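**Student:** Before I ask anything, let me first share the structure, which is written out below as structure tokens.
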Amino acid sequence: MGIGLNLSSSAQKDEISLIVNEIFYSIQGESSRIGLPTIFIRLTGCPLRCQYCDTEYAFTEGERMNVDSILNKIKRYSTKYVTVTGGEPLAQKACALFLKKLCSHGYDVSLETNGAITISNIDKRVKKIIDIKTPGSKEDNKNNFDNLKYLTKNDEIKFVICDRIDYVWAKQKIIEKKISGIYDIIFSPVYKSLESSDLANWILEDKLNVRMQLQLHKYLWGDQKGK
Ligand code: SF4
């Protein structure tokens, strides 16, 4: 399934390479690190096709880079916060080793992943922000709930909410999976699709223990690439 693996033996870790869609420096728009200047490394590829996807350009476009070139490229930025995103970064099997390497170089790393691919092999130092795909995404049958057992209290679970049906589904899923109060749970409305105030009212009416979040980067820069 994975793409971008180029590792002939464990003795050649420095030769890991990945297909990189873009590397940029911006304001973190999501998660508990919202607002922090962050280096983003967007990897190419994703096995899902969510109906609201705003990074379709990352499905196939990208350039192969070895880890040393990536590290060289990011060292110019004056932050230690790095987010590895996609597409779906774990679609490339070499990503797990890459994350470990970033941590070993002193970066404070977060991983944005769609919840369909196992996170069992991800370094514990990495903050994982894992999606649970709702029916509105049209990819909810891809959720790998086995991943929940690999989460730590440092990790976050995100539901992207398309409509009221998604909201009710997500609320039930939180009960069913017994995740309330254990992990930081984020409800985020689909940009320009669901009224933010509707989602806010539903959360308050139901006294849900979740964090509502708008995608800050969308409000700053709309759908611009590299932001
Ligand atoms: S998982 Fe993310 S990158 Fe993949 S299709 Fe869904 S929204 Fe797009």
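**Student:** Could you pull out the residue among Asn141, Asn147 that is of a type outside the set (Asp, Glu), assigned to a helix (DSSP H, G or I), within 16 Å of the ligand (Cβ to nearest atom) and surrounded by fewer than 18 Cβ atoms within 10 Å (Cβ to Cβ)?
**Tutor:** Going through Asn141, Asn147 in turn, the sole match is Asn141.
Here's the yes/no breakdown for (1) at pLDDT below 95; (2) farther than 19 Å from Ile39 by Cβ; (3) assigned to a helix (DSSP H, G or I):
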site	(1), (2), (3)
Lys93	no, yes, no
Leu97	no, no, yes
Lys100	no, no, yes
Ala116	no, yes, no
Ser120	no, yes, no
Asp123	no, no, no
Ile129	no, no, no
Lys133	no, yes, no
Gly136	no, yes, yes
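**Student:** Val84: surrounded by 17 or more Cβ atoms within 10 Å (Cβ to Cβ), within 16 Å of the ligand (Cβ to nearest atom) and not in a loop (DSSP other than H, G, I, E, B), yes or no?
**Tutor:** Yes; evaluated as a whole, the condition is true for this residue.
**Student:** Here's a follow-up. Any idea which of (1) charged (D, E, K, R); (2) in contact with a strand residue (DSSP E or B) (Cβ under 7 Å, 6 or more places away or on another chain); (3) within 16 Å of the ligand (Cβ to nearest atom) is the one Lys133 doesn't satisfy?
**Tutor:** Here Lys133 clears every test but (2).
**Student:** Give segment 54-81 a look and list any residue that's surrounded by fewer than 16 Cβ atoms within 10 Å (Cβ to Cβ) and in a loop (DSSP other than H, G, I, E, B), or say none.
**Tutor:** Of everything in segment 54-81, those that are surrounded by fewer than 16 Cβ atoms within 10 Å (Cβ to Cβ) and in a loop (DSSP other than H, G, I, E, B) turn out to be Asp54, Thr60, Glu61, Lys75, Arg76, Tyr77, Ser78, Thr79, Lys80.
**Student:** Follow-up. When residues of segment 153-169 are filtered for being touching a strand residue (DSSP E or B) at 6+ places or on another chain (Cβ under 8 Å), in a helix (DSSP H, G or I) and either aromatic (Phe, Trp, Tyr) or more than 16 Å from the ligand (Cβ to nearest atom) (or both), how many remain?
**Tutor:** So the count comes out to 1.
**Student:** Now, a different point. State which residue pairs qualify: first residue within 16 Å of Lys227 (Cα to Cα) and inside segment 49-68, second residue more than 13 Å from the ligand (Cβ to nearest atom) and among the basic types (Lys, Arg) in any location, beta carbons under 9 Å apart, and separation of 6 or more residues or different chains.
**Tutor:** Correct list of pairs: Asp54/Lys218; Thr55/Lys225; Tyr57/Lys225.
The values are calculated or read from the model by the stated rules, or taken from the named source; none is laboratory data. All figures in this text were calculated on a predicted structure; none of them were measured in a lab. Because the Cβ atoms are built from the backbone with ideal geometry, glycine has one as well, and the counts that use them run over all protein chains shown.
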